[in-house]
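Enquirer: Take a look at the following structure, please.
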Amino acid sequence: MYDLEKIMQNSEPVGDYLSSIGEKHPSFSRRKADYRLDGRIVEELKRYADKVIVVIFSAEWCPDCARNVPVLDLIAEATGMEVRIFGHLMRDPLNPMERWWIPPSPPEVREFNVVKIPLIVVLNRRGGRGSGRSSRTRRRGRASKRPCCRFSKGLRAPPWNVISV
């Protein structure tokens with residue numbers, strides 16, 4: 001279990017993060033302006049908005065972050081879902097064993113064992129993380145996608161660690 005109070009205190013809302021980096025990193029704002037969410041997916045995600053918190057680890061120099069973070073901000077705006085970000089991660093070129101653990105990288109990179117970014121984690125409101133199970137569940141003998149897994153539609157990121165809600 002993760003300490004949600006600590007996460008909320010040490011991270012920032014994804015929209016605030018994007019506002020703070022906008023002029024220096026225009027690829028983020030261009031992506032947000034150009035991307036269109038699927039309305040059906042948004043409606044499904046609204047059902048989960050008060051049940052989950054999305055936590056992102058990101059850096060401004062990361063092209064995959066520039067593709068994913070703005071879309072997550074759009075999702076947060078459209079659904080009311082809480083999306084928090086630990087941004088400004090830095091690599092330590094002299095110590096590959098301590099990949100992200102130099103300032104201004106937050107100490108949470110160790111707690112979440114961040115190896116690659118963007119790392120996008122979905123937590124329940126108790127701070128629980130997914131079990132690592134497949135993003136499909138069995139219903140009446142056939143597989144059906146859980147709506148919260150559809151976050152990843154259109155995103156180029158590692159598979160999400162999705163929880164049952």
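Quick note: the coordinates plus some simple rules give every number you see, no bench work behind them. Just so it is clear, the structure is predicted and the values come from calculations on it, not from any experiment. Note that we place each Cβ from the backbone using ideal geometry, even for glycine, and neighbour counts take in every protein chain shown.
Enquirer: Report yes if residue 50 is within 18 Å of residue 120 (Cβ to Cβ), out of contact with any helix residue (DSSP H, G or I) (no Cβ under 9 Å at 6 or more places or on another chain), surrounded by fewer than 17 Cβ atoms within 10 Å (Cβ to Cβ) and among the acidic types (Asp, Glu), otherwise no.
Expert: Considered against the rule, which asks whether it is within 18 Å of residue 120 (Cβ to Cβ), out of contact with any helix residue (DSSP H, G or I) (no Cβ under 9 Å at 6 or more places or on another chain), surrounded by fewer than 17 Cβ atoms within 10 Å (Cβ to Cβ) and among the acidic types (Asp, Glu), residue 50 comes out as no.
Enquirer: I need the full set of residues from the range 7-33 which are in a helix (DSSP H, G or I) and out of contact with any Pro (no Cβ under 9 Å at 6 or more places or on another chain), in order please.
Expert: Passing the criteria: 7, 8, 9, 15, 16, 17, 19, 20, 21, 26.
Enquirer: If you go through the range 35-88 one residue at a time, how many are under 17 Å from residue 17 (Cα atoms) and acidic (Asp, Glu)?
Expert: Within the range 35-88, residues that are under 17 Å from residue 17 (Cα atoms) and acidic (Asp, Glu) number 5.
Enquirer: Given the criterion part of a helix (DSSP H, G or I), within 19 Å of residue 108 (Cα to Cα) and in contact (Cβ under 8 Å) with a residue 12 or more places away in the chain, identify the matching residue among 54, 42, 69.
Expert: 69
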